[in-house]
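Let me begin by presenting the structure, written as structure tokens, before commenting on it.
Computed from the coordinates by the stated procedures, all read-outs in this text should not be read as laboratory data. Just so we're clear, the structure is a prediction, and the values are computed from it rather than from any experiment. In this analysis, Cβ positions are derived from the backbone assuming ideal geometry, glycine residues included, and neighbour counts consider all displayed protein chains.
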Amino acid sequence: MLLAIIICKFLFTDFTNIYGQIQSGDRLKLWTSTNIDYEPLINEPQYLVDVVCQKVGKHCYIFFADGATLPSQSLIDSITNVFDNIYYPQLTTAFGPVPDEFDNDSNIIILFLDTVKWGGFFDPAQLMPDTMIYNRWHKHSSEREILYINSIILEYGAKYFSVIAHELIHMITWKYDHSPEPVNNPEKYWEDSWINEAWAGFGTGYFKYDFIPWGPDIEYINYPKLSFYTSYMNDPLLFLNYLFDQYGEWDFIKTLLKNQRNGTEGIEHTLNELGYNKSFDDFFEDFVIANYINDTNYADGIYSYNSINVISCFKSPKKICTDAKLGLYEGQLASYAKEYFLFNLQTQDPFPIEFYGDENSEFRLVFISTNNDGDVLEIKSVMPDDLNKVVLTKDSVTVGSDILIMIVINTDDSLGDDELVPFSYKTLNPSVICDKSKYNEVSVFPNPVSQNFIINFPDHYGSTKLELYDIQGRKIFSKTIINNESINSQRLIKGIYFYKIISDQIIQSGKLIKE
């Protein structure tokens, strides 16, 4: 009888955490993040922090650093429950198991500490040998699976728990898409940051967790002077979602995860491996068109989304991503950025349209002809000549077109994140359809800023919101402001940030530098 009881107990015992030695109330010393993969903070000092375990879950340990704001036990229980029963099973099923590099303990440490630097952080160095991290970067690894979470998110309730899911996706995807890298790139131990952020944003959006930058309807907003790689995560996230919808869904995701090439090369190689033999620039152009029209009927739906509802720019009431001007227009674009121009062919005759791009950069143009209802009549892709010049004449446009959209795309991957290249176009008729002067009505100064900065905008804008994002696209500040309001920047560390000014009249974005 005793033997039978022992056998039954053995058979029905949960051994998933048999190696775990951590119990509620246990204290550890853990290293803070190294920031080796986050250049704006790489010079921040690293230190050991005393932490205490507040809860042991099925898949996690909830730790709080000494001095961090400690919430109620019910909130800690809620975090553990959401992680164990929602985030962990859904994300590991979709992306794969979590890494277990050193401690033979499948549980993940979720470490809450007070900081103003980020909402959440996954540090790949913690999953590498301490000796290696010290020899290469003079930092330290705790050699444990750790998700660093800013304890301030707990003040905002369960909606922000998905910051944890965001960082968990970073951890899982790092397991499959990191060193050993290809032979020609032995020094890099993580994927390009824009891919990493796209993974995390896609995963939290796909499973409809709350920490996503939009609701069920996404109104696409274009940032022509921000590189695709740094555009608040929006473009990379949508790009991954677009590729998911068009090129095999989870087969595409899992193939990309296994591909050790980085950035644009990894995307192109993955799609080619799946049988889609086009260049990255071709895929990117299709994505740019999809963000404008999102039409499931045209060209078998290649320019559309299936899993999310992106409001096409034509149907958007704000028309933020369209800009039309006749006469001479001079602009600038960042790497893999684009700008949309709308010409009303019923009231104006802009032809010929002559485009000139910087001769030392790379451009391509797309012309979309529609009727007044937004039905697409024709999409024409045009490569500039050797001098980066394109001339579009009236007889090359579909007969019966009411609207012509010209999309200027920069595909120069040699540009730095902050580098802009000029382009221009001119039309026969110098009259203006839509004045872009609204974009000059908002100013942020001083910029760079050391203490306070002021935002100036016309009084008729009414209720206006300021949002600040860090270099990885995480929203760190949001506030309704008044004209000429002084904003204190002392809590910001030195580095590059992006602001967004939002009103009923306009949405304007730009870069803010903290000295």
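Observations on the model:
- Of the GluC sites (Glu not before Pro) found in region 349-408, those that fall in a DSSP loop while having at most 14 other beta-carbon atoms within 10 Å are Glu359.
- Long-range HN-HN contacts of Leu377 with modeled amide H, under 5 Å: Ser369, Thr370, Asn371
- The slack between Lys511 and Val391, meaning 0.36 nm per residue of separation minus the straight C-alpha distance, is 39.9 nm.
- Cβ crowding within 10 Å, taken as a proxy for footprinting-reagent exposure, orders Trp31, Trp199 from fewest neighbours to most as Trp31, Trp199.
- Thr347-Glu39 FRET efficiency (beta carbon distance; Förster radius 41 Å; 0.05 resolution): 0.25
- Average projection, convex hull of the Cα set of region 2-176: 11.6 square nanometres.
- Potential extension, Glu485-Asn372 segment - 0.36 nm per residue separation minus Cα distance: 36.6 nm
- In summary, the convex hull built on the alpha carbon positions of region 328-434 has an orientation-averaged projected area of 6.8 nm².
- Counted residue by residue at 0.36 nm each, then reduced by the alpha carbon distance between them, the extension gain from Thr131 to Asn456 reaches 111.9 nm.
- The value obtained for region 66-136, namely the Cα convex hull volume divided by the number of residues, is 147 Å³ per residue.
- Neighbour counting of Cβ atoms within 10 Å sorts the residues Ile311, Ile502, Ile169, fewest neighbours leading, into Ile311, Ile502, Ile169.
- Ordering Arg491, Arg144, Arg261, Arg136 from the fewest to the most neighbouring beta carbons within 10 Å gives Arg491, Arg136, Arg261, Arg144.
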